[in-house]
Each structure stands twice: as C-alpha cells, then as structure tokens.
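Some notes on the structure that comes next.
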Amino acid sequence: MGMFDYIVCKYKLPGDPPDFVAKDGYTFQTKDLECCLYNYTIYADGTFSDPSFTGSIVFYTSNIVGSDYGVYTSDGSDAISLEYKAEIVRGKLLSLIETEYTVGPALPIDKMKIFVYPQKENNLERIAEKMKGKQFYVLTHDDNLFPVTVVAENEHQICVQKENGDFDIMNKSFIDHLLWNSLEEAEAYKKARKEFCDTQKAEWDRYVKEWNEKYSL
C-alpha cells in the first residue's frame, strides 16, 4: 500500500457521498502529495492549505475495514469506495469531480475468521530453545516446503541454510507457523490451513452470488 497523506475536504463534494464520509470528518487519503502522513485541507471557500500548490490531487476513501477472501465493513453494510479529483492552481480549487463510486458486497467485521491451529502453540516452545544445529522444515505462505538447518541464532533471529547452500534470516517472532520439526507436521498444518481457506472462500463466493442475485447484477 505504501505511504500517503491525509486531506480533509471542507468544500462541498459532488454527487451524494454516503453517511460514513461525514462521520469520518470528510477525511481522505491521497498519494499525490508528499506521502509522509502530512495533513492537508481544501477549505469551504475553495482555498488549499498549501497556497503555492498547482496540480491535480486524487483523494479517496472507503468503509472497508478488513479483507481476506472476503470484504468486511464495520456493520456489514455494502462496501463503498469513493474517489475524487481536484484541480488546484496556485492554492485555489479550479474543479472537483467524482471519479469513482463503487458498491459491492461486504460482511460485518465480526464475521471475519482467523485460522487457529492448536498444534501451533506447541511450536512456540522452540523459540525459547537453542536451535543452532537443528534441522527443521520451512513452510512458506505460498505453500513451498523445504528442509533447512539453523546455522546461527541470537535473541531475535535465526540464520538458516537451505539444501542448495543459500542462507536466509528469519525473525523468531514469526517462526511459529513457518518452522516445523518434521515433514509430517508441516504437511498437516498445510492441509488444515488449505481446508480453512477453501471454506472461507466458498462461503464468500456464496454470499457474493446471493448479493448479485439480490441486486440483479
């Protein structure tokens, strides 16, 4: 996603913005300025907080608060994404148009599920152990599985060597679901994670189908 800046638009927005825009204080994000989390304002009279600025500013917002295989809003209301484009000359607003208004299905954020694997808690015991010289199996997020040997470690990190001789540095805070004592343990975790993800995706696809049928899309 990268960095961005905040922009408050006190000038009347075109179209019919949804209620959450006002609740959020008409605050948007933009990548067209410094991208340093600075705050800018377009005032009600059309002046811009940087009086020397000339150029285009695209700013955007949405009520989406989470996503995985699905999209989530705080209360399950439809997901809405908005985008506007402002043309500014020497700190004065020349024009402001709506460039995007999309509506899509969403579930309430409390329906978002996190994959929990009981055996993973036992895996955490390794973090407190001396790991140098031991062999483990690495299971990456994209389901690659391969053996490694821990060749060095400190309080926060380990250095592992792959069979091809390559080295990799791993943070101990994240190894509880990446390193496994045996191929069988890694495969069992991989299978359980896939079943969970497949179920989540199927539930979301079913909801999207119902939503599309409701709105005849």
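The values are calculated or read from the model by the stated rules, or taken from the named source; none is laboratory data. Because the structure is predicted, anything quoted here is derived from the model rather than measured. Reconstructed Cβ throughout: ideal geometry from the backbone, glycine too, with neighbour counts over all protein chains shown.
Computed quantities for the displayed model
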{"quantity": "Lone qualifier among E153, E129, E125 - being farther than 30 Å from K10 by Cβ, assigned by TED's automatic domain parsing to the domain that holds F174 and at pLDDT 90 or above", "calculated": "E153"}
{"quantity": "Residues that are in contact with a Cys (Cβ under 7 Å, 6 or more places away or on another chain) and in a loop (DSSP other than H, G, I, E, B), drawn from the range 3-14", "calculated": "M3, F4"}
{"quantity": "S216, sole failed condition from (1) in a loop (DSSP other than H, G, I, E, B); (2) under 24 Å from V138 (Cβ atoms)", "calculated": "(2)"}
{"quantity": "Residue in the range 55-72 that is over 26 Å from I114 (Cβ atoms), assigned to a loop (DSSP other than H, G, I, E, B) and either small (G, A, S) or not assigned by TED's automatic domain parsing to the domain that holds G91 (or both) present", "calculated": "no"}
{"quantity": "Selected residue [charged (D, E, K, R) and modelled with pLDDT of 95 or more] from D168, D205", "calculated": "D205"}
{"quantity": "When residues of the range 149-162 are limited to those that are of a type in the set (A, V, I, L, M) and without any contact (Cβ under 8 Å) to a residue 24 or more places away in the chain, the one farthest from L183 (Cα to Cα)", "calculated": "A152"}
{"quantity": "Looking only at the range 192-202, and only at residues there that are of a type in the set (K, R) and surrounded by 13 or more Cβ atoms within 10 Å (Cβ to Cβ), the one that is modelled with the highest pLDDT", "calculated": "K201"}
{"quantity": "Residue within the range 31-47 that is out of contact with any strand residue (DSSP E or B) (no Cβ under 7 Å at 6 or more places or on another chain), under 30 Å from L107 (Cβ atoms) and outside the structural domain of E203 (by TED's automatic domain parsing) present", "calculated": "yes"}
{"quantity": "P17 being modelled with pLDDT of 95 or more, surrounded by 14 or more Cβ atoms within 10 Å (Cβ to Cβ) and part of a loop (DSSP other than H, G, I, E, B)", "calculated": "yes"}
{"quantity": "Y43 vs. criteria farther than 15 Å from T61 by Cα, over 22 Å from the mean Cα position of the chain (by Cα), at pLDDT 95 or above and surrounded by fewer than 15 Cβ atoms within 10 Å (Cβ to Cβ)", "calculated": "yes"}
{"quantity": "Meets criteria (farther than 30 Å from Y72 by Cβ, acidic (D, E) and either free of Cβ contacts under 8 Å to residues at least 12 places away in the same chain or assigned to a loop (DSSP other than H, G, I, E, B) (or both)) for E184", "calculated": "yes"}
{"quantity": "Unique match (being within 27 Å of N212 (Cα to Cα) and not hydrophobic (A, V, I, L, M, F, W, C)) among Y60, Y43, Y38", "calculated": "Y60"}
{"quantity": "Every pair of residues 6+ apart whose Cβ atoms lie under 9 Å, when the first sits in the range 45-67 and is more than 16 Å from T30 (Cα to Cα) while the second is among the basic types (K, R) and assigned to a strand (DSSP E or B)", "calculated": "G46/K92; T47/K92; P51/K92"}
{"quantity": "Number of positions in the range 73-107 that are closer than 15 Å to P18 by Cα, acidic (D, E) and assigned to a strand (DSSP E or B)", "calculated": "3"}
{"quantity": "Failed condition for S67, given (1) in contact with a helix residue (DSSP H, G or I) (Cβ under 9 Å, 6 or more places away or on another chain); (2) modelled with pLDDT under 95; (3) of a type in the set (S, T, Y)", "calculated": "(1)"}
{"quantity": "L94 exposed (fewer than 14 other Cβ atoms within 10 Å of the Cβ) and either in contact with a helix residue (DSSP H, G or I) (Cβ under 9 Å, 6 or more places away or on another chain) or not charged (D, E, K, R) (or both)", "calculated": "yes"}
